[in-house]
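Visitor: Mind having a look at this structure? Questions to follow.
The values are calculated or read from the model by the stated rules, or taken from the named source; none is laboratory data. As the structure is a prediction and not an experimental result, all values here were calculated from the model. Virtual Cβ from ideal backbone geometry, glycine too; neighbours counted across all protein chains shown. Remember, those area values only see protein heavy atoms, side chains included, never the ligands or the DNA or RNA. Shrake-Rupley method; radii C 1.70, N 1.55, O 1.52, S 1.80 Å.
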Amino acid sequence: MLSLVTLLPMLLAAAVAMLPERLARPGALAASLLVLAISLPLWFGFDPADSGYQFVEQVPWIAQWGVSYHLGIDGVSLLLILLTTGLTPLILLAGFSGVEKNFRGYAALMLALEGAMIGTFVALDVFLFYIFWELVLLPMYFLIGIWGGERRIYAAVKLFIYTAGGSLLMLVALLGLYYTHFEQMGAWSTDLPDLLRLAITPASQKWMFACLALAFAIKVPMFPVHTWLPDAHVEAPTGGSVVLAGVMLKMGTYGFYRFAMPLFPDAVVAYGPILVGLAVIGIVYGALVALVQDDIKKLVAYSSVSHLGYVMLGLFALNGPGVTGGIFQMLNHGVSTAALFFLVGVLYERRHTRKIADYGGLTKVVPRFALVFMIITFSSIGLPGLNGFVGEFMILLGAFQYAPIPTVIASTGVIFGAAYMLWAFQRMMFGPLQNEANKGLKDLSPRELAYLLPLVAFAFWMGLYPKPFLDRINPSVDAFVARMETHFESSPYACGDECLPSWLAKESH
Amino acid sequence: MGSGTPIFESVVLAAPVMLLAFMGVVLMVAAAMWRPMPRLAFWGVSCASVASALLLVAAGAGAPATEAFSGMLRIDAYGNFFAAVSLLAGLFSLLVADSYMERIGVRVGEFYSLVLFALCGMLGMAYSNDLMMTFISLEVMSIAVYVLCAIKRADERAVESGFKYFILGAFSSGILLYGVAFVYGATGSTSLPAIAHALRSANGEAAGFLALGGALLLVGFGFKVAAVPFHMWVADVYQGAPTAVTALMASGVKAASIAAFGRLVIGAMGDDAANWNGALWWMSAATMLVGNLAALAQNDLKRIFAYSGVAHAGYLLMALSSVAAGGAVGNEGIGSLAFYMLAYTLMNAGAFAVLSLMTNEAGDDATDISRLAGLGRSHPLVAAGLSICLVSLAGLPPTMGFIGKFYLFSAAIGSGEIGLAFVGAIGAAAGVYYYLRPMVYMYMREGHAELATDGRARLALGLTSALLIIFGLMPTAVLEWANASMASVLG
């Protein structure tokens, strides 16, 4: 089942690459819808009460090294897979007009990317995970480098170098872990459940965690290794930006959740404050930089830095609400930022400019566009009733219990967030319609509505009735939090609450 | 220590070496008698000779390790592995050679004869169990390659390349021989097992001579594998030599030299190797960093691959350093050395096949990177093949290059060389940039890349890129083979 969802997009990518160009559009869309249809049974077949891995598949692969083809998902991976399979058809549909040359190649790379991203979410073997992690990079590199804007080559190479550099350090750390398993168990294994059983000395945990955290932080991206993101977003074609913000950034936070944190709990204790600090800086800094952008796409890009900062803050709160909120915020960001990039793409296709100053008073000419833009803006800034609120509220609730002062600073990000989004909305949508070129703008076409409305629907659903999502996230998060907590109490290196940094120390029971 | 194997049995055991030497002589004589040479006959005979030698090596794969020629050669799985790698390198460069040499206007039959002699020398180095044998084989190989570099006599750059390689190569051979002499003086033998025995029972009386000898050997081998700081010749020599020859130098010469170097570290130094690890460590670290950083600034593909070859020499030395460091799994270093050498040979062969295609019918063999612009559109299959080779060189999955890096790094970390693995990772991260550049030109820049219509070079590219993916996804069989070669030198 999981193999099918992972490998089918890659096979379909090869098939789409061979289609004649005139069949490429319907063919690619049909392929992505097929993948979506095949991934939906995961949602229904998933047992929310079970916190373990489900749909597990395990086959020996490189026997000498203890590497196996091991797949399995928990609630978090489930939702990220569905986010991926759900966004891909929308991206391809949006690409019908935006992608001018060689749609076939674009669609094939997008499908290959989809398969690789799903692979990172289902892999339970670190070797396999690493392969998928690196595989994601290649299609993204070509998507930006071939279909991107003027400085596309610079942006594509920058993205590649940043991520590949981090990945190589991750490889060294994973090898350290691999060798530790050999030392302690007398056998080679790269299987995640095997590795989770190891007792690793705090010193080793620190360097390994640092390597993994750097690799994942680059992907998230956390301040100060976020500088590739604005370039990549601005130069990427619309679909590339959507998939980058919608799914790829989550690979970083997912990496923390699935690998870096459970594997190295002692290092989380040691380095947690640093990461929380960087997350808070990211939140405020991202929001402030977004505030001064005159390019709407760059503004959305910096808002991602800010929003992903919330996710990291939630994960490192290490308690139920915080982590659940962090995971939920990953999905929210996938929905609302994807929609924002689509909307920017719609405007760009019509006017070929992304300068906020070139717009103004658009509500009068494109009312439907303005309405969708408004809903998504509210979703992004966390208005109650829409999805963003649920995630941000839970994160701040969770984080406040353990780190009140950083949380207070982080919550100013909510205000700045409202400021930059609403101000941009006001400058673009309200006011006098001065620019002659905007007077003839066409409103959203049925095709454009077809890929925007599902996202709007999800923004409402997740905001008004998040229970089905939270039900699937909670058991997995509880298991995660329990692992972190039991580790703090039972670890031979930890000495109880009095040794924990104040931000982690629980209130007396 | 001569085991007294009868001469006839020795000849049978060393059949691949004998075959290459014999066919080399045959072609040399034929080339003198037959002018102009019948191209296809020479090409076909040399390819058939190399392929037969490869089959002979494969046929002897399962046999237990045996010494031949009174202990001068040791026919074991380790030797077989590196012999096979050298022969593969030879075969791939022969695949591109015929059409390429015709295009650059060099029609001499001696070319094929020299390639066979060079391969004969390489096999001798891979099997050599005695420093004298290593030296003789090294010279057989090197002298053939000196001439091959300058085989396009009218071309200034080719002559410069050959001359530079000859002067520096002769100098380094002298240093190596001097090192052999000191080791002989200190241990009383040039045979690797005898040296190992002498080192075990030594009481430190000739330590100074031994250290000096070891240092000289390190310099000599360092030159041959193009390790920093003995790498200065690489870029000019690679650039000036005909592409088919460069391909052979980049992988075959390197495989043979690292095989002989490996035997010295594993077989002769034994426990003493740990004393040399400091030097190996620094050499490896410097080679990885300098190679990768120098390649960043190059615009000529041959120079890029020259420095990339330097960087990869650093990775191979990392494997030797793991062996020398010992630790619980230090010996895995030998397996990773073998595996990586094969991976490097395949990806290099593919890349050089494309370089040879860049030489057009008019014989213009400029390999500036900008000539790749637009290749993705005009020649999608060649571009895809080259991309696979580049991804593999960069060490990214799902290719054999990734499996090789994984193996190398895991052996290094397993033997406690975490710092070296970090240096390697940083070097590889820098390497990603220059391996991406050809892809940028091929797919992201407009241009009209033209390639020669040479089916055999395309075949070489197709084979290597397919193998890189296949062994990247299913490395088990090659790993077993590499492990067998590891076991055979430890026994």
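Yes or no, residue by residue, for (1) closer than 15 Å to A:SER241 by Cα; (2) touching a Lys or Arg at 6+ places or on another chain (Cβ under 9 Å); (3) in the same structural domain as A:VAL372 (by TED's automatic domain parsing):
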{"position": "A:TYR271", "(1), (2), (3)": "no, yes, no"}
{"position": "A:ALA290", "(1), (2), (3)": "no, yes, yes"}
{"position": "A:VAL305", "(1), (2), (3)": "yes, no, yes"}
{"position": "A:GLY309", "(1), (2), (3)": "no, no, yes"}
{"position": "A:THR324", "(1), (2), (3)": "no, no, yes"}
{"position": "A:ASN332", "(1), (2), (3)": "no, no, yes"}
{"position": "A:ALA339", "(1), (2), (3)": "yes, no, yes"}
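The rows are residues; the columns are (1) open to solvent by 30 Å² or more (accessible area, probe 1.4 Å); (2) within 11 Å of chain A (Cβ to nearest Cβ); (3) more than 26 Å from B:LEU40 (Cβ to Cβ); (4) hydroxyl-bearing (Ser, Thr, Tyr).
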{"site": "B:TYR441", "(1), (2), (3), (4)": "yes, yes, yes, yes"}
{"site": "B:MET444", "(1), (2), (3), (4)": "no, yes, yes, no"}
{"site": "B:HIS448", "(1), (2), (3), (4)": "yes, no, yes, no"}
{"site": "B:ALA452", "(1), (2), (3), (4)": "no, no, no, no"}
{"site": "B:GLY455", "(1), (2), (3), (4)": "yes, no, no, no"}
{"site": "B:LEU459", "(1), (2), (3), (4)": "yes, no, no, no"}
{"site": "B:THR464", "(1), (2), (3), (4)": "no, no, no, yes"}
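Visitor: Can you find, within segment A:41-65, the residue that is least open to solvent (accessible area, probe 1.4 Å) among those that are aliphatic (A, V, I, L, M) and within 26 Å of A:LEU174 (Cα to Cα)?
Guide: From segment A:41-65, those aliphatic (A, V, I, L, M) are A:42, A:49, A:56, A:59, A:62-63; that's our starting set.
Imposing the further condition that a residue be within 26 Å of A:LEU174 (Cα to Cα) reduces the set to A:56, A:59, A:62-63.
On the way: A:VAL56: 77, A:VAL59: 75, A:ILE62: 0, A:ALA63: 76 Å².
Going through the qualifying residues, I end up with A:ILE62.
Visitor: Which condition from (1) buried (at least 16 other Cβ atoms within 10 Å of the Cβ); (2) over 24 Å from B:LYS224 (Cα atoms); (3) of a type in the set (Lys, Arg) is the one that B:ARG35 breaks?
Guide: Against the list (1) buried (at least 16 other Cβ atoms within 10 Å of the Cβ); (2) over 24 Å from B:LYS224 (Cα atoms); (3) of a type in the set (Lys, Arg), B:ARG35 comes up short only on (1).
Visitor: In the set A:ILE38, A:ILE91, A:ILE73, which member is open to solvent by less than 10 Å² (accessible area, probe 1.4 Å), closer than 22 Å to A:PHE469 by Cα and either without any contact (Cβ under 8 Å) to a residue 40 or more places away in the chain or away from chain B (no Cβ under 14 Å) (or both)? Full working, then the answer.
Guide: On the way: A:ILE38 fails: open to solvent by less than 10 Å² (accessible area, probe 1.4 Å); A:ILE91 fails: closer than 22 Å to A:PHE469 by Cα.
Going through A:ILE38, A:ILE91, A:ILE73 in turn, just one is open to solvent by less than 10 Å² (accessible area, probe 1.4 Å), closer than 22 Å to A:PHE469 by Cα and either without any contact (Cβ under 8 Å) to a residue 40 or more places away in the chain or away from chain B (no Cβ under 14 Å) (or both): A:ILE73.
Visitor: Right, something else. Go through segment B:425-434 and give me each residue that's touching a residue at least 40 places away in the same chain (Cβ under 8 Å) and open to solvent by 10 Å² or more (accessible area, probe 1.4 Å).
Guide: First, the residues of segment B:425-434 that are touching a residue at least 40 places away in the same chain (Cβ under 8 Å): B:426-428, B:430-431, B:433-434.
Hits for segment B:425-434 are B:ILE426, B:ALA430, B:TYR433.
Visitor: If you don't mind, another one. Filter segment B:384-424 down to residues that are touching a Ser or Thr at 6+ places or on another chain (Cβ under 7 Å), more than 8 Å from every other protein chain (Cβ to nearest Cβ) and open to solvent by 10 Å² or more (accessible area, probe 1.4 Å), then give me how many there are.
Guide: The qualifying residues number 3.
Visitor: Taking helices (runs of 4 or more DSSP H) that fall entirely within segment A:176-267, which contain at least 3 residues that are open to solvent by less than 10 Å² (accessible area, probe 1.4 Å)?
Guide: Working: elements: A:192-196, A:202-219, A:228-235, A:238-243, A:249-255.
Where helices (runs of 4 or more DSSP H) fall fully within segment A:176-267 and carry at least 3 residues being open to solvent by less than 10 Å² (accessible area, probe 1.4 Å), they are A:202-219, A:228-235, A:238-243, A:249-255.
Conditions (1) more than 14 Å from the chain's Cα centre (by Cα); (2) part of a loop (DSSP other than H, G, I, E, B), marked per residue:
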| position | (1), (2) |
| --- | --- |
| A:LEU78 | no, no |
| A:LEU90 | yes, no |
| A:ALA94 | yes, no |
| A:LYS101 | yes, yes |
| A:ARG104 | yes, no |
| A:MET110 | yes, no |
| A:MET117 | no, no |
| A:PHE127 | yes, no |
| A:PHE142 | yes, no |
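Visitor: While we're here: Could you check how many residues of segment A:446-466 are closer than 22 Å to A:THR85 by Cβ and open to solvent by 20 Å² or more (accessible area, probe 1.4 Å)?
Guide: 11
Visitor: Of the numbered conditions (1) of a type in the set (A, V, I, L, M, F, W, C); (2) facing chain B (nearest Cβ under 10 Å); (3) in contact with a Pro (Cβ under 8 Å, 6 or more places away or on another chain), A:LEU196 fails exactly one; give the number of that condition.
Guide: (2)
Visitor: Answer yes or no as to whether A:ASP125 is away from chain B (no Cβ under 11 Å), farther than 28 Å from A:LEU29 by Cα and either crowded, with 24+ Cβ neighbours inside 10 Å or basic (Lys, Arg) (or both).
Guide: Criteria met by A:ASP125.
Visitor: Please go through segment A:161-175 and give me each residue that is open to solvent by less than 20 Å² (accessible area, probe 1.4 Å), at the interface with chain B (Cβ under 8 Å from one of its Cβ atoms) and not small (Gly, Ala, Ser), ordered by number. Give the steps one after another, and end with the answer.
Guide: The first filter runs over segment A:161-175 and keeps only residues open to solvent by less than 20 Å² (accessible area, probe 1.4 Å), leaving A:163-168, A:170-175.
Filter once more, keeping what is at the interface with chain B (Cβ under 8 Å from one of its Cβ atoms): A:164-165, A:168, A:171-172, A:175.
Listed by number, the residues that qualify are A:LEU168, A:LEU171, A:VAL172, A:LEU175.
Visitor: I've got another one for you. Is it true that B:ARG377 is more than 11 Å from chain A (Cβ to nearest Cβ) and open to solvent by 10 Å² or more (accessible area, probe 1.4 Å)? It would help to see each step written out before you state the result.
Guide: Numbers: more than 11 Å from chain A (Cβ to nearest Cβ): no; open to solvent by 10 Å² or more (accessible area, probe 1.4 Å): yes.
Criteria not met by B:ARG377.
Visitor: Considering (1) polar (S, T, N, Q); (2) surrounded by fewer than 19 Cβ atoms within 10 Å (Cβ to Cβ); (3) within 14 Å of chain B (Cβ to nearest Cβ), say which one A:SER68 fails and leave the rest.
Guide: For A:SER68, the exception is condition (2).
Visitor: Is it the case that segment B:306-321 has a residue that's more than 18 Å from B:LYS224 (Cα to Cα) and open to solvent by 10 Å² or more (accessible area, probe 1.4 Å)?
Guide: Narrowing segment B:306-321 to residues more than 18 Å from B:LYS224 (Cα to Cα): none.
Checked segment B:306-321: no residue is more than 18 Å from B:LYS224 (Cα to Cα) and open to solvent by 10 Å² or more (accessible area, probe 1.4 Å).
Yes/no per residue for (1) in contact with a strand residue (DSSP E or B) (Cβ under 6 Å, 6 or more places away or on another chain); (2) surrounded by fewer than 24 Cβ atoms within 10 Å (Cβ to Cβ); (3) more than 14 Å from chain B (Cβ to nearest Cβ):
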site: A:LEU82; (1), (2), (3): no, yes, yes
site: A:GLY95; (1), (2), (3): no, no, yes
site: A:GLY105; (1), (2), (3): no, yes, no
site: A:PHE121; (1), (2), (3): no, no, yes
site: A:LEU159; (1), (2), (3): no, no, no
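Visitor: Being part of a helix (DSSP H, G or I) and within 12 Å of chain A (Cβ to nearest Cβ), is that true of even one residue in segment B:351-374? Please lay out each step first, then the result.
Guide: The first filter runs over segment B:351-374 and keeps only residues part of a helix (DSSP H, G or I), leaving B:351-357, B:369-372.
After this cut, where a residue has to be within 12 Å of chain A (Cβ to nearest Cβ) as well, the list is none.
Scanning segment B:351-374, I find no residue that is part of a helix (DSSP H, G or I) and within 12 Å of chain A (Cβ to nearest Cβ), so the answer is no.
Visitor: Looking only at segment A:131-151, how many residues end up being surrounded by fewer than 23 Cβ atoms within 10 Å (Cβ to Cβ), at the interface with chain B (Cβ under 7 Å from one of its Cβ atoms) and not hydrophobic (A, V, I, L, M, F, W, C)?
Guide: So the count comes out to 0.
Visitor: If you don't mind, there's one more thing I want to ask. Which condition does B:ALA181 not pass, out of (1) over 24 Å from B:SER284 (Cβ atoms); (2) open to solvent by less than 10 Å² (accessible area, probe 1.4 Å); (3) among the hydrophobic types (A, V, I, L, M, F, W, C), if it passes all the others?
Guide: Among (1) over 24 Å from B:SER284 (Cβ atoms); (2) open to solvent by less than 10 Å² (accessible area, probe 1.4 Å); (3) among the hydrophobic types (A, V, I, L, M, F, W, C), B:ALA181 violates only (2).
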